[in-house]
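Structure first, commentary second.
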């Protein structure tokens, strides 16, 4: 038993080193700000659906003026609790290019649940031309695609503070959280930017949290299902490992006794 | 090879003409295995299982993936969102590559500790190194396929390494690219090769197993089997032990796949590739970091490339650099210490590989690189000569049974 325990210990330590230490170098920990806590943290954390729905409202009324969400379809909104009728009516506010008709004319049609979120610009060049040469990034994966993830997103939208004296902000706006502190995006949210349909008070803090919920969902629509499946898989594997360990000890009993 | 116990008549009929069943039985059931293998011997079969996991998930991913610069990134998101359980298949594949490398690196270090590369297992060791090289090529090309920022810039940096070759460097790089920049032609051929290489690995794995079974597994004592009392059949003893180890590792694997699927990756790879925008730090996947550190430790481009390649090639001549007659580090007090120092050195190189090349990181990286080569080129031959080894036990069975009787008291 002693050898087994020792081997397992070493294996554990090695695994822990590999996962929780070495690979951190990949994640470039230049920001030492304290981590935030969100509803989707931890083993059992899930996305707050009501918050994500409010986030959709903020995105639609504010962000979508400049930022696309092109990997998400309207039909996906069922994942944060919208009914198919709500999705149909939500999608119908937007227009997309239809397929060429019988005469070869290309017209516009109302968007359907199967369409991706309609982008604010026709192409990246138009987006740049209308934003002083800066391309507003697509927001579908914004939380996954930034070092620091949700915490960074939160700090960025709360990071518009007065610039220190003599700080050159002629190329953009001062932001504490942004690398280099000069960001091309003007402060998008101040609080009371939207009137929430569910009556929640639209403070800046609330709006940012709701956007974090929404964009965490657009980036990882599988998050809730993944975690609940993961827990069941984990329980099964722990059980199976135990059974196999007992079988192993039993089968090896003779070998250890020198009878084989 | 007798086929008396093979079972039904049909199997016997086939086996008489093509001895596939008796070969499998000989390989997976009867194979006489040293009775004293510890848990570090689990990692060979684990590597095989992860290869299989990668091939199966990879084939499914290929059914939904688009190898064009316009479509690649979007097709990955299509897999993550629209394909049934596509997220699960992709996360298994992504993290499976990391686990494949963890398992194989442990397997290699086990070989280093117990002297598994020594006569008569040199060819077995070479075949293992060939597998490692093929794995590296496969993993690198696979990382390019999502066509994110790290994919693109990683491909740019690594393919540019070949431009260090004197006279024909630029020609080679353009030939690799299929053009004058990292673009669609490169993505297409990387996809084709990423699909091909795993099957080459399977072929070399088969040779690896044939070579293994020719002289049998090494063991923690590093002494040869003296007779039948030293070995036990592979089945059921090592099948059950390997299954237990597999289940244990899969549990850790599941935790990563389901709860931290992007932890081992880089966030920048969720940004679509942009040839006009270089990321602040271009870092390869974690399993390449020690080699990346060696590449950057040498101030000359060609020199760096030579050092990086030598870091692996040097392992091919290891059986002759190690002058000790004793295999297992258990009986080699000096070499045992050197082994652990080498392990720490590789950990340091991994850390340096992921750090920006500035300030003290450069110095530490250079010292660690010099030590890496010193270990193999100077210390290994030297220690084998000057070291006083501990007395070897007479036989495996004697040593094991003595211990188990002592354990019972």
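The values are calculated or read from the model by the stated rules, or taken from the named source; none is laboratory data. Keep in mind that this is a model prediction, so the values were computed, not measured. Counting neighbours? That spans all protein chains shown, and the Cβs are built from the backbone with ideal geometry, glycine included.
Values computed for the structure shown
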read-out: Entirely in segment A:35-143, the helices (runs of 4 or more DSSP H) that have 1 or more residues that are touching a helix residue (DSSP H, G or I) at 6+ places or on another chain (Cβ under 7 Å); value: A:49-61, A:84-91
read-out: The listed residue being crowded, with 21+ Cβ neighbours inside 10 Å, on the phi < 0 side of the Ramachandran plot and within 14 Å of chain A (Cβ to nearest Cβ), out of B:135, B:141, B:94; value: B:94
read-out: Qualifying residue in segment B:273-282 (condition: at the interface with chain A (Cβ under 7 Å from one of its Cβ atoms) and either in a loop (DSSP other than H, G, I, E, B) or within 30 Å of residue B:150 (Cα to Cα) (or both)); value: yes
read-out: Selection status of residue A:259, in contact with a helix residue (DSSP H, G or I) (Cβ under 9 Å, 6 or more places away or on another chain), surrounded by fewer than 16 Cβ atoms within 10 Å (Cβ to Cβ) and either in a loop (DSSP other than H, G, I, E, B) or more than 9 Å from every other protein chain (Cβ to nearest Cβ) (or both); value: yes
read-out: Filtered residues of segment A:125-149 (kept if more than 16 Å from residue A:59 (Cα to Cα) and more than 10 Å from chain B (Cβ to nearest Cβ)); value: A:125, A:126, A:127, A:128, A:129, A:130, A:131, A:132, A:133, A:134
read-out: Residue within segment B:104-126 that is more than 11 Å from chain A (Cβ to nearest Cβ), modelled with pLDDT of 95 or more, over 30 Å from residue B:218 (Cβ atoms) and outside any helix (DSSP H, G or I) present; value: no
read-out: Test for residue B:402: is it more than 30 Å from residue B:295 (Cβ to Cβ) and either part of a loop (DSSP other than H, G, I, E, B) or in the same structural domain as residue B:109 (by TED's automatic domain parsing) (or both); value: no
read-out: Residues that are within 14 Å of another protein chain (Cβ to nearest Cβ) and modelled with pLDDT of 90 or more, drawn from segment B:382-409; value: B:395, B:396
read-out: Among the candidates B:339, B:361, B:376, residue that is more than 23 Å from the chain's Cα centre (by Cα) and buried (at least 16 other Cβ atoms within 10 Å of the Cβ); value: B:361
read-out: Out of A:236, A:245, sole residue that is part of a helix (DSSP H, G or I), at the interface with chain B (Cβ under 8 Å from one of its Cβ atoms) and either under 23 Å from residue A:81 (Cα atoms) or out of contact with any strand residue (DSSP E or B) (no Cβ under 8 Å at 6 or more places or on another chain) (or both); value: A:245
read-out: Residue identified as in a loop (DSSP other than H, G, I, E, B), within 14 Å of chain B (Cβ to nearest Cβ) and under 25 Å from the mean Cα position of the chain (by Cα) among A:190, A:178, A:152; value: A:178
read-out: Test set (1) in a helix (DSSP H, G or I); (2) surrounded by fewer than 19 Cβ atoms within 10 Å (Cβ to Cβ) - residue B:351 fails condition number; value: (2)
read-out: From the options A:231, A:215, residue that is more than 27 Å from residue A:137 (Cβ to Cβ) and under 23 Å from the mean Cα position of the chain (by Cα); value: A:231
read-out: Segment B:172-219, residues that are assigned to a helix (DSSP H, G or I), over 18 Å from the mean Cα position of the chain (by Cα) and over 30 Å from residue B:69 (Cα atoms); value: B:210, B:213, B:214, B:215
read-out: Failed item, numbered, when residue A:254 is tested on (1) touching a helix residue (DSSP H, G or I) at 6+ places or on another chain (Cβ under 9 Å); (2) assigned to a helix (DSSP H, G or I); (3) more than 7 Å from chain B (Cβ to nearest Cβ); value: (1)
read-out: Selection within segment B:256-268 - assigned to a loop (DSSP other than H, G, I, E, B), facing chain A (nearest Cβ under 7 Å) and more than 12 Å from residue A:149 (Cβ to Cβ); value: B:264, B:266
read-out: Criterion: in a helix (DSSP H, G or I) and crowded, with 22+ Cβ neighbours inside 10 Å - qualifying residue of B:88, B:52, B:46; value: B:46
read-out: Complete set of residues in segment B:61-77 that are buried (at least 18 other Cβ atoms within 10 Å of the Cβ), away from every other protein chain (no Cβ under 14 Å) and assigned to a helix (DSSP H, G or I); value: B:61
read-out: Residue satisfying all of: in segment B:33-43; in a helix (DSSP H, G or I) and buried (at least 22 other Cβ atoms within 10 Å of the Cβ); nearest to the chain's Cα centre (by Cα) among these; value: B:43
read-out: Counted residues, segment B:220-255 - those being under 25 Å from the mean Cα position of the chain (by Cα) and either outside any helix (DSSP H, G or I) or more than 7 Å from chain A (Cβ to nearest Cβ) (or both); value: 11
read-out: Which listed residue, of B:302, B:264, is outside the structural domain of residue B:365 (by TED's automatic domain parsing) and in contact with a helix residue (DSSP H, G or I) (Cβ under 6 Å, 6 or more places away or on another chain); value: B:264
read-out: Criterion violated by residue B:177 - all others in (1) farther than 24 Å from residue B:306 by Cα; (2) buried (at least 16 other Cβ atoms within 10 Å of the Cβ) satisfied; value: (1)
read-out: Residue among A:195, A:222, A:201 that is at pLDDT 95 or above and within 29 Å of residue B:77 (Cβ to Cβ); value: A:222
read-out: Residue in segment A:158-166 that is free of Cβ contacts under 8 Å to residues at least 60 places away in the same chain, assigned by TED's automatic domain parsing to the domain that holds residue A:194 and assigned to a helix (DSSP H, G or I) present; value: no
read-out: Any hit, segment B:314-332, residues being part of a helix (DSSP H, G or I), surrounded by 15 or more Cβ atoms within 10 Å (Cβ to Cβ) and within 14 Å of another protein chain (Cβ to nearest Cβ); value: yes
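Residue by residue, here is whether (1) assigned by TED's automatic domain parsing to the domain that holds residue A:145; (2) surrounded by 15 or more Cβ atoms within 10 Å (Cβ to Cβ); (3) free of Cβ contacts under 8 Å to residues at least 60 places away in the same chain holds:
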site: A:186; (1), (2), (3): yes, no, yes
site: A:194; (1), (2), (3): yes, yes, no
site: A:204; (1), (2), (3): yes, yes, yes
site: A:209; (1), (2), (3): yes, yes, no
site: A:212; (1), (2), (3): yes, yes, no
site: A:227; (1), (2), (3): no, yes, no
site: A:233; (1), (2), (3): no, yes, yes
site: A:245; (1), (2), (3): no, yes, yes
